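Here's the structure we're looking at; comments come further down.
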Amino acid sequence: MSLPHPRHLGRAFATTLGLPALILGSLTASAVTGTPATTAVKQQTSSTFLDDGLCDHIHFGTNPANLVAEAAAARASASYPKRIDLPAGFQPEGIAIDHSGTAYFGSRLDGDIYAASLRTGKGSVISQGPGTASQGMKLDQRGRLFVAGAAGGNGRVIDSNSGNVLASYTFTSSANTFVNDVILSKDAAWFTDSRQPVLYKVPLGHNGKLPRQAAVQTIPLSGDYVHDPVNLNANGIELTPDGRSLIIMQSSTGFLLRVDPRTGVTRRIDLGTAVMTNGDGLLRSKNTLYVVQNRLNKVAVLDLDNSGSKGRLVKELTSADFDIPTTAAFYGSRIYLPNARFSTPPTPATEYWVTAVQR
């Protein structure tokens, strides 16, 4: 995900300064009550997420139940609209979709979480934001949304059924932070910070138990990663096909980096002459990695080797309906992308929408 265009930074900083002290000063995971979800949307919500399978260690394997659900989703989504309108002025960024076809979106304006049916396009805000942006998000099998907290320097976990915040984690007290995206493995949630040369690890306990604040780890990045103090650094994040390492998108260089999750040592992924300029969100299916190139209004499709050490550009996905897409999520044979419209001055009446394209 990306920061707003420079012309919008004043508004973003004003929002940051208004962040409640309760969020910035959180020292332990805490539960707070959010806005209840509306019945119309939540009747379609499942407590599962659409991915290639369950994780083993930090490793994704094949889950037959997921394969059945994906096949059903592919059949259903063929008749769904290819464009879904979001509330005016919402300023979308992150997206996650469950098996039932309910999509969740985060607002970079105030952090609200909006849920909508892919079938009807109807939706509502299910969780009020903390006043700072909600960036990347992932949905686990328990229906919990893990949300990157941008300039708040934090992450939170939201019950997608009730909208309640189950836990909040403070990653840093520095004002120079932008927690941008998140990926889930079996034993942890991993968050990027576009302003700091680190990853944040939230270890998960038995049966996915959420930890206390003290368990959160900061993993320094080293190796081929060269920090840019001015521009965006680590942005989108994914797992390698073999599940042994992480992949991060460094937006300032256009490089994809393979990260050892235990040491933070990075190695640039060999893509030949291809550079992922304006790279943002990442999305993987088996050995295929999709890289959203926001201001280029396209999605690069890469074929990776199992270790994620090498890859090649296979094709690019485009749409006349794109207006600076940022992140992506699968449903059936489609990829859904919210359009951030960074080049359009945001107002309460500005239109925002989601575009669906074939994989």
Identify all residues within the stretch 343-359 that are closer than 27 Å to Arg119 by Cβ and either in contact with a Phe, Trp or Tyr (Cβ under 9 Å, 6 or more places away or on another chain) or without any contact (Cβ under 8 Å) to a residue 60 or more places away in the chain (or both); write none if there are none.
-> Thr350, Tyr352, Val354, Thr355, Ala356, Val357, Gln358, Arg359
If only one of Gly136, Gly143, Gly223 is in contact (Cβ under 8 Å) with a residue 40 or more places away in the chain and over 23 Å from Asp110 (Cα atoms), which one is it?
-> Gly223
Could you list, in sequence order, all residues of the stretch 315-335 that are open to solvent by 40 Å² or more (accessible area, probe 1.4 Å) and not in a loop (DSSP other than H, G, I, E, B)?
-> Lys315, Glu316, Thr318
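Conditions (1) acidic (Asp, Glu); (2) open to solvent by 20 Å² or more (accessible area, probe 1.4 Å); (3) in a strand (DSSP E or B); (4) at pLDDT 95 or above, marked per residue:
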| position | (1), (2), (3), (4) |
| --- | --- |
| Thr120 | no, yes, no, yes |
| Ala133 | no, no, no, yes |
| Val147 | no, no, yes, yes |
| Gly163 | no, no, no, yes |
| Lys186 | no, yes, no, no |
Yes or no: Ser174 in a loop (DSSP other than H, G, I, E, B), open to solvent by 40 Å² or more (accessible area, probe 1.4 Å) and not charged (D, E, K, R)?
-> yes
Residues satisfying the stated conditions in the stretch 204-217, i.e. farther than 20 Å from Gly143 by Cβ and either in contact with a Pro (Cβ under 6 Å, 6 or more places away or on another chain) or touching a residue at least 60 places away in the same chain (Cβ under 8 Å) (or both) = Arg212, Gln213, Ala214, Ala215
Condition met for Leu282 (open to solvent by 70 Å² or more (accessible area, probe 1.4 Å), in a strand (DSSP E or B) and touching a residue at least 40 places away in the same chain (Cβ under 8 Å)) = no
Those residues of the stretch 98-118 which are in contact (Cβ under 8 Å) with a residue 40 or more places away in the chain, among the acidic types (Asp, Glu) and not in a strand (DSSP E or B), in sequence order | Asp110
Residue that is nearest to the chain's Cα centre (by Cα), among those in the stretch 197-223 that are farther than 17 Å from Arg156 by Cα and assigned to a strand (DSSP E or B) = Val198
Test set (1) in a loop (DSSP other than H, G, I, E, B); (2) under 21 Å from the mean Cα position of the chain (by Cα) - Val226 fails condition number | (2)
Taking the options Ser162, Ser174, Ser168, name whichever one is free of Cβ contacts under 8 Å to residues at least 24 places away in the same chain and polar (S, T, N, Q).
-> Ser174
Quickly run through the stretch 135-145 and pick out the residues that are closer than 13 Å to Asp98 by Cβ and either open to solvent by 20 Å² or more (accessible area, probe 1.4 Å) or of a type outside the set (D, E, K, R) (or both).
-> Met137, Lys138, Leu139, Gln141, Arg142, Gly143, Arg144, Leu145
Checked Arg267, Arg262, Arg312, Arg295 against criteria (of a type in the set (Lys, Arg), within 20 Å of the chain's Cα centre (by Cα) and open to solvent by 10 Å² or more (accessible area, probe 1.4 Å)); the one match is Arg295
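The values are calculated or read from the model by the stated rules, or taken from the named source; none is laboratory data. From a predicted model like this one, the values you see are computed outputs, not experimental measurements. Ideal geometry is used to build each Cβ from the backbone, glycine not excepted, and the neighbour counts take in all protein chains shown. Quick note on the areas: whole protein, heavy atoms, side chains included, nothing else; ligands and nucleic acids left out. Shrake-Rupley method; radii C 1.70, N 1.55, O 1.52, S 1.80 Å.
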